[in-house]
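Peer 1: Take this structure first; my questions come after.
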Amino acid sequence: MQKVIKVGMADLQVVEEPHILTTLGLGSCVGIALYDKQKKIAGLAHIMLPSSTQIKNNSNLAKFADTAIDLLIKEMVKRGASTARLKAKITGGAQMFSFGNNGGDLMKIGYRNVIATKEILELYKIDILAEDTGGNHGRTIEFYSETGDLLVKTIGFGLKTI
Amino acid sequence: MPTMTFTIEDLNNLHLDVLREIGNIGSGNAASALAKMINKRIDMDVPIVQILAFEDVAAILGGEEMVVAGIYFEVEGDITGNIMFLLDIASSKILTSILMGREDGSEELDEMDRSALQEVGNILSGSYISSLSALTGLKIKLSVPSLCIDMAGAILSVPAIQFSQTSDKIVLIETLLKEGSNQVKGNFFLIPDSKSFDKLLQSLGVYS
């Protein structure tokens, strides 16, 4: 039976066909979806911050782009995926609030999360097939292990599959 | 005095009592500010003060995908950080209807409503901050408000990210305001930077 597995904030999960991964209400965080098409293995990480190296409180590996991607790949390889076959789709990284000209670092965190995610994926030589990032709205995503499709739902900004 | 850094996990009952008191006075001020604004009687329940893990916050608001209105401020002065005033969409509509003198609270929010909501968020948050300021003697200033109406999870990701750098817990003051049969539930989140958190508790005289 097809199951829908929820990925919380600072969390990551891996499923095999036919299961679905979902994360609800993604804001400035980034959802990193990795897929091995041949084995139909899907992994999804919901990261909050760009880097584990800039912060003391870093025991939760799924919280940071660098450590989460590393762990996600390891977990997928454990299930039989191959790093060389992995492709990525990324979403989120919105700026929910704006404060005129000076936003400060916190306000740009969504953008920084996206940049960091891309840099780390590049290090692992994982291509990004599609992205729906930035903007100022939230996203709920569903990641299908059968097809590698990523469904993005929003409030007032429609619905799309990337 | 120990030199250890204070984290939100170390909050004891005494701290909670003080925060509750701030919530109480702040909510009282907020209710009278609102009453003045709409020229109607506003009643208030005793606020509930909670320390929560972030994953539980969205659940309180009805789930990550529930549409809510968040009004976000930067805090400057003796302490720095952010505060957020959060209303579920039903409360937002009731509140704007009261402000705009409409009977029905079911209409979609237009630009005027959004601006009114931002303003009322401003007044209510200012009430909490002035009670905090009065009790601590700290100078606290608020930035202009920024409003976002979207999924609770997405809106909460902003304070969650900020808090995640020190802890995974937040302080929530939940206030129920009543005007006649209308009920407006306001959720006030206090998000001081880690250094400011120490300062805040020290100023309250409950640093142990």
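Peer 1: Order these by the 10 Å Cβ neighbour count, fewest first: B:Leu99, A:Leu121, B:Leu132.
Peer 2: Ranking B:Leu99, A:Leu121, B:Leu132 by Cβ neighbours within 10 Å, fewest first, gives B:Leu99, A:Leu121, B:Leu132.
Peer 1: Work out, in µm²/s and without decimals, the Stokes-Einstein translational diffusion coefficient of the stretch B:8-203 at 37 °C, 0.692 mPa s, Rh from Kirkwood over C-alpha pairs.
Peer 2: Here the translational diffusion coefficient equals 196 µm²/s.
Peer 1: May I ask for the angle, rounded to the nearest 10°, between helix A:109-123 and the longest principal axis of chain A, with both axes built from Cα atoms and the value confined to 0 to 90°?
Peer 2: The two axes meet at around 40 degrees.
Peer 1: Once the Cβ-Cβ distance between A:Met1 and A:Arg85 is put in as r, and R0 is 25 Å, what FRET efficiency do you end up with, to the nearest 0.05?
Peer 2: In this case the efficiency is close to 0.40.
Peer 1: When the dipole is taken about the Cα centre of the stretch B:8-203, and only Lys, Arg (+1) and Asp, Glu (-1) are charged at their Cβ, what size is it in debye, to the nearest 20?
Peer 2: 720 debye
Peer 1: Considering the options A:Ile55, B:Ser133, A:Leu26, tell which one lies farthest towards the positive end of the dipole of the protein assembly as shown, charges being +1 on Lys and Arg and -1 on Asp and Glu at the Cβ, about the Cα centre.
Peer 2: Of the listed residues, the answer is A:Ile55.
Peer 1: Here's a follow-up. Suppose every K and R has +1 on its Cβ and every D and E has -1 on its Cβ; what is the size of the dipole of the stretch A:35-81 about the Cα centre, in Debye to the nearest 20?
Peer 2: It works out to roughly 200 debye.
Peer 1: Next question, about the same structure. Please arrange B:Tyr128, A:Tyr144 by counting, for each residue, the other beta carbons lying within 10 Å of its beta carbon, fewest first.
Peer 2: A:Tyr144, B:Tyr128
Peer 1: Quickly estimate the mean residue ellipticity at 222 nm for the protein assembly as shown, helices only: each DSSP H run with n ≥ 4 gives -39500 (n - 2.57), and the total goes over all residues, rounded to 500.
Peer 2: That comes out to -11000 deg cm²/dmol.
Peer 1: Let me confirm one metric for peptide A:16-27, namely the mean number of other chain beta-carbon atoms within 10 Å of its residues' beta-carbons.
Peer 2: Mean partner shielding for this stretch: 4.
Peer 1: For the protein assembly as shown, what proportion of DSSP beta bridges, expressed in % and rounded to the nearest 5, is antiparallel?
Peer 2: Counting only bridges with both partners in the protein assembly as shown, antiparallel ones make up about 90 percent.
Peer 1: What angle do you read, to the nearest 10 degrees and between 0 and 90, between the alpha-carbon axis of helix A:65-78 and the longest principal axis of chain A?
Peer 2: 10 degrees
Peer 1: Given springs between every Cα pair under 10 Å in a Gaussian network model of chain A, which of A:Asn113, A:Asn136, A:Asn60 has the largest fluctuation?
Peer 2: A:Asn60
Peer 1: Which one of A:Ile126, A:Ile47, A:Ile55 has the biggest mean-square fluctuation once chain A is modelled by GNM with Cα springs under 10 Å?
Peer 2: With Cα springs under 10 Å in chain A, the top fluctuation among A:Ile126, A:Ile47, A:Ile55 is at A:Ile55.
Peer 1: Among A:Leu151, A:Gln13, A:Gly138, which residue has its Cα furthest toward the positive end of the charge dipole of chain A, with +1 on Lys/Arg Cβ and -1 on Asp/Glu Cβ?
Peer 2: A:Gln13
Peer 1: Moving on to the next point. What is the local net charge at A:Arg139, summed over the other residues whose Cβ is closer than 9 Å to its Cβ (Lys, Arg +1; Asp, Glu -1)?
Peer 2: With Lys, Arg at +1 and Asp, Glu at -1, the neighbours total 0.
Peer 1: To the nearest 20 Debye, how big is the dipole of the stretch A:4-161 about its Cα centre, given +1 on the beta carbon of each Lys and Arg and -1 on that of each Asp and Glu?
Peer 2: For the stretch A:4-161, the charge dipole is close to 80 debye.
All of the numbers you see were taken from the coordinates with simple rules; none came from a lab. Fair warning: this is a prediction, and the values are worked out from it, not measured in the lab. All Cβ positions, glycine included, derive from the backbone under ideal geometry; neighbour counts span all protein chains shown.
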